[in-house]
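The values are calculated or read from the model by the stated rules, or taken from the named source; none is laboratory data. Everything numeric here is computed off the predicted structure, so don't read it as measured data. Counting neighbours? That spans all protein chains shown, and the Cβs are built from the backbone with ideal geometry, glycine included.
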Amino acid sequence: MTIRRSGNESIIFNGNKVGYRLSDFWEWGLSDLLNNTLRGAFCEFLIASALGLDLQSCRNDWTPWDLTVPYQWQTGNTRRDEIHIEVKSCAYLQSWKQSKLSNIVFSIRPTLAWDEASGYDSIQAKSRRHKDSFVYCPFSLDLFSQLGSPAIVFCF
């Protein structure tokens, strides 16, 4: 079970506090929101908060979709109690040195799902779309440049 941390936890080595807190690590290691994986997680947070989802639990990085929204609906003869959302993030500007801006490309191709108990879709070893909906979150270089100061701007 994952424990949600506050950031106030002391970092301890050999039973002694080393003078830093978990929030120090977060500032050091997780501040670059142009980093592809961090930007994706940040976009998931933004969409989850916009949808009013419970943010008290920890993000699960190993599900076949990013967010689950409680909602009763029907597709064909199948009744469902939730919507599975995949959040896609991209940016023209990356955290590494670039000779040109990146191309923005999204894919919604069918994939295999990974399951912690059985690995990759061992029950249904067939590629499929595991999501019901996709949200695309491109980072806006134009808006970022116009602001002239550090800011976080996404266009939804």
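Select, from Arg59, Arg39, Arg109, the only residue that is basic (Lys, Arg) and more than 14 Å from the chain's Cα centre (by Cα).
Every option except Arg109 fails the conditions.
Does Ser23 meet the test of being over 24 Å from Tyr136 (Cβ atoms) and touching a residue at least 24 places away in the same chain (Cβ under 8 Å)?
Spelling it out, it is not the case that Ser23 is over 24 Å from Tyr136 (Cβ atoms) and touching a residue at least 24 places away in the same chain (Cβ under 8 Å).
Please verify whether the range 56-79 includes one or more residues that are aromatic (Phe, Trp, Tyr), out of contact with any Cys (no Cβ under 6 Å at 6 or more places or on another chain) and assigned to a loop (DSSP other than H, G, I, E, B).
Yes, the conditions are met somewhere in the range 56-79.
Within the range 51-64, is there a residue that is touching a Ser or Thr at 6+ places or on another chain (Cβ under 6 Å) and surrounded by 13 or more Cβ atoms within 10 Å (Cβ to Cβ)?
Looking through the range 51-64, none of the residues is touching a Ser or Thr at 6+ places or on another chain (Cβ under 6 Å) and surrounded by 13 or more Cβ atoms within 10 Å (Cβ to Cβ).
Do the conditions hold for Arg4, that is, is it at pLDDT below 90 and either exposed (fewer than 14 other Cβ atoms within 10 Å of the Cβ) or more than 18 Å from the chain's Cα centre (by Cα) (or both)?
For Arg4, the condition - at pLDDT below 90 and either exposed (fewer than 14 other Cβ atoms within 10 Å of the Cβ) or more than 18 Å from the chain's Cα centre (by Cα) (or both) - is met.
Which members of the range 65-84 meet the condition of being exposed (fewer than 10 other Cβ atoms within 10 Å of the Cβ) and either within 12 Å of Asp132 (Cα to Cα) or in contact with a strand residue (DSSP E or B) (Cβ under 6 Å, 6 or more places away or on another chain) (or both)?
Across the range 65-84, the qualifying residues are Pro70, Gln72, Gln74, Thr75, Asp81.
Residues to consider are Leu34, Leu38; find the one that is surrounded by 10 or more Cβ atoms within 10 Å (Cβ to Cβ) and part of a loop (DSSP other than H, G, I, E, B).
So the residue among Leu34, Leu38 that is surrounded by 10 or more Cβ atoms within 10 Å (Cβ to Cβ) and part of a loop (DSSP other than H, G, I, E, B) is Leu34.
I need the full set of residues from the range 73-90 which are of a type in the set (Val, Ile, Thr) and either closer than 30 Å to Leu38 by Cβ or modelled with pLDDT of 90 or more (or both), in order please.
Ile83, Ile85, Val87
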